[in-house]
Amino acid sequence: MDRLTLRRPDDWHLHLRDGAMLNAVLPETARHFARALIMPNLVPPVVTAADAADYRDRILAAKPRGSRFQPLMTLYLTEDTDVRDLRAAAEIGLISAVKLYPAGATTNSASGVTDFSKVKRVLENMAQIGLPLCVHGEVTDPAVDIFDREAAFIETVLDPIRRDVPGLRVVMEHVTTSDAVDYVRGGGDDIVATITTHHLVINRNHILAGGIRPHYYCLPVAKRESHRRALVAAATSGDPSFFLGTDSAPHLDAAKLQPCGCAGCFTATNTLSVLAEVFEAEGALERLEAFTSLNGAAFYGIEANDERIVLVKGDPINVPPGILTDEGVVTVFDPGMPLHWHVEG
Ligand code: NCD
Ligand code: ZN
């Protein structure tokens, strides 16, 4: 097979940032994706309906001319989130989900939740109206090893929340472990997971063996190979509980290449080429569309996109090593393998 037609994909976890960075990275996503769920971890975060409306307008203003890209907005859940404001934002279709960051779990998460009992009323309201909770699933206890933080989160935070708030629809985002895959598989209709592009390709050796590679450092951090294999199996299975959320997370090289560098891999530019390669290697190209274009829309209760894109296989493509912003370079994820597929047009 050397041509593959897909419904135009959606990205169910994307960081667009703001200002110069937004202008530089938005075209990379808008080129291939119809819609993306926009993460609210700006500084300061997107916490109110008014914040979300303003941010959406800045994104729409930064769209390349002629692009029909549609940002789907989220609110950043804090212990002070106002239920009425949130419900109103959901009712008018301004927001598609609410994002839970445990305080301190990742980039710009200082305003996140520490005491989960304080957000119970918000979560109950979300369950009532069917508004999904997108979860950064890592505990922040410094005593827990960083490679165990996702598995610990499931047991000590996520499962108790789901028992406490029946009917809450949860997206466990950017899953990195077989523990998370198993939990989602056995969890019924109210829990799904997104999987990133980079976690399907790298394991922790890629970050640490033979020299430290800051561009592969993201959160949750990549785990051992057996976990990566579990993610590939889940993504390529066609199971509707798993779909693409790239977590494409741009940082300037100046911020990544530091004694204490930022977490995040920037994959918007080459995600579809990388995914085609991964799915082809598994003999699962016919299930790529479910992962990129169908399963997520179905969970969020919206139509799959009408438009189609065509992936074409040929000689290895040249992906730019980085993209230029007005403030510096953002390095594009290097999958460490030739990419034979590109999006036509
Ligand atoms: C994200 C970012 O840079 O905003 N970083 C990352 O490593 N994934 C935050 C996040 O999604 O955890
Ligand atoms: Zn993210």
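Coordinate-derived values only; no laboratory data. The structure presented is a predicted model; accordingly, all values stated were derived computationally and were not measured. Methodologically, a virtual Cβ is constructed for each residue, glycine included, from the backbone with ideal geometry; neighbour enumeration extends over all protein chains shown.
Taken over segment 89-118, the criterion of being within 15 Å of ligand 1 (Cβ to nearest atom) and part of a loop (DSSP other than H, G, I, E, B) is satisfied by 101, 103, 104, 105, 106, 107, 108, 109, 110, 111, 112.
Residues that are touching a strand residue (DSSP E or B) at 6+ places or on another chain (Cβ under 8 Å), away from ligand 2 (no atom under 16 Å from the Cβ) and free of Cβ contacts under 8 Å to residues at least 60 places away in the same chain occur at least once in segment 187-204. Filter segment 23-42 down to residues that are within 12 Å of ligand 1 (Cβ to nearest atom) and not aliphatic (A, V, I, L, M) and give me whichever is nearest to residue 328 (Cα to Cα). So, considering only residues that are within 12 Å of ligand 1 (Cβ to nearest atom) and not aliphatic (A, V, I, L, M), the one nearest to residue 328 (Cα to Cα) is 41.
Is it fair to say residue 165 is under 22 Å from residue 294 (Cα atoms), surrounded by fewer than 24 Cβ atoms within 10 Å (Cβ to Cβ) and in contact with a helix residue (DSSP H, G or I) (Cβ under 6 Å, 6 or more places away or on another chain)?
On the way: under 22 Å from residue 294 (Cα atoms): no; surrounded by fewer than 24 Cβ atoms within 10 Å (Cβ to Cβ): yes; in contact with a helix residue (DSSP H, G or I) (Cβ under 6 Å, 6 or more places away or on another chain): yes.
Criteria not met by residue 165.
For segment 244-306, which helices (runs of 4 or more DSSP H) that fit wholly inside it have 2 or more residues that are over 22 Å from residue 220 (Cα atoms)?
Details: elements: 253-256, 271-281, 295-300.
Of the helices (runs of 4 or more DSSP H) lying wholly inside segment 244-306, those with at least 2 residues that are over 22 Å from residue 220 (Cα atoms) span 271-281, 295-300.
What strands (runs of 3 or more DSSP E), lying completely within segment 122-217, carry at least 2 residues that are within 29 Å of residue 270 (Cα to Cα) and β-branched (Val, Ile, Thr)? Can you show your working first?
On the way: elements: 133-135, 170-172, 191-195.
Filter on segment 122-217 gives 170-172, 191-195.
Among the candidates 268, 249, single out the residue that is under 14 Å from residue 29 (Cβ atoms), within 14 Å of ligand 2 (Cβ to nearest atom) and out of contact with any strand residue (DSSP E or B) (no Cβ under 8 Å at 6 or more places or on another chain).
Working: 268 fails: out of contact with any strand residue (DSSP E or B) (no Cβ under 8 Å at 6 or more places or on another chain).
Being under 14 Å from residue 29 (Cβ atoms), within 14 Å of ligand 2 (Cβ to nearest atom) and out of contact with any strand residue (DSSP E or B) (no Cβ under 8 Å at 6 or more places or on another chain) holds for just one of 268, 249, which is 249.
Checking each residue in segment 1-22 for being within 16 Å of ligand 1 (Cβ to nearest atom) and over 15 Å from residue 61 (Cβ atoms) picks out 11, 12, 13, 14, 15. Would you point out which residue out of 121, 84 is more than 21 Å from the chain's Cα centre (by Cα) and closer than 18 Å to residue 163 by Cα? One residue alone meets the criteria, 121. Scan segment 81-98 for residues that are out of contact with any Leu (no Cβ under 7 Å at 6 or more places or on another chain) and not β-branched (Val, Ile, Thr) and the total you get is 8. The residue list 143, 151 contains one member that is over 21 Å from residue 110 (Cβ atoms) and among the small types (Gly, Ala, Ser), which is 151.
Residue 253: surrounded by fewer than 20 Cβ atoms within 10 Å (Cβ to Cβ), touching a residue at least 60 places away in the same chain (Cβ under 8 Å), of a type outside the set (Ser, Thr, Tyr) and within 25 Å of residue 334 (Cβ to Cβ), yes or no? If you could, list the steps in order and put the result at the bottom.
Values: surrounded by fewer than 20 Cβ atoms within 10 Å (Cβ to Cβ): yes; touching a residue at least 60 places away in the same chain (Cβ under 8 Å): yes; of a type outside the set (Ser, Thr, Tyr): yes; within 25 Å of residue 334 (Cβ to Cβ): yes.
Here the answer is yes, as residue 253 does meet what is asked.
For segment 224-234, the criterion of a residue being within 16 Å of ligand 2 (Cβ to nearest atom) and among the hydroxyl-bearing types (Ser, Thr, Tyr) is satisfied by no position.
Taking first residues from segment 74-94 that are closer than 12 Å to residue 53 by Cα and touching a residue at least 12 places away in the same chain (Cβ under 8 Å) and partners that are among the charged types (D, E, K, R) and surrounded by 14 or more Cβ atoms within 10 Å (Cβ to Cβ), the Cβ contacts under 6 Å between residues at least 6 apart in sequence or on separate chains come to 74/99. Among the residues of segment 311-342, those identified as part of a strand (DSSP E or B), surrounded by fewer than 17 Cβ atoms within 10 Å (Cβ to Cβ) and among the β-branched types (Val, Ile, Thr) are 312, 329.
Beta carbons closer than 9 Å, at least 6 apart along the sequence or on distinct chains, pair a first residue in segment 1-23 that is β-branched (Val, Ile, Thr) with a second that is surrounded by 14 or more Cβ atoms within 10 Å (Cβ to Cβ) for 5/289; 5/309; 5/311. Count of segment 237-246 residues, restricted to those that are more than 12 Å from ligand 2 (Cβ to nearest atom), of a type in the set (Ser, Thr, Tyr) and under 17 Å from the mean Cα position of the chain (by Cα), is 1. Only one entry in 65, 31 is without any contact (Cβ under 8 Å) to a residue 12 or more places away in the chain and either within 16 Å of ligand 2 (Cβ to nearest atom) or among the basic types (Lys, Arg) (or both), namely 65.
Can you tell me which residues in segment 1-39 are farther than 19 Å from residue 323 by Cα and not charged (D, E, K, R)? 1, 4, 5, 6, 9, 12, 13, 34, 36, 37, 38, 39 - these are the residues of segment 1-39 that are farther than 19 Å from residue 323 by Cα and not charged (D, E, K, R).
Out of 269, 236, I need the residue that is within 20 Å of residue 172 (Cβ to Cβ) and either within 16 Å of ligand 1 (Cβ to nearest atom) or surrounded by 20 or more Cβ atoms within 10 Å (Cβ to Cβ) (or both). Which one? Give the steps one after another, and end with the answer.
Working: 269 fails: within 20 Å of residue 172 (Cβ to Cβ).
Sole residue among the options that is within 20 Å of residue 172 (Cβ to Cβ) and either within 16 Å of ligand 1 (Cβ to nearest atom) or surrounded by 20 or more Cβ atoms within 10 Å (Cβ to Cβ) (or both): 236.
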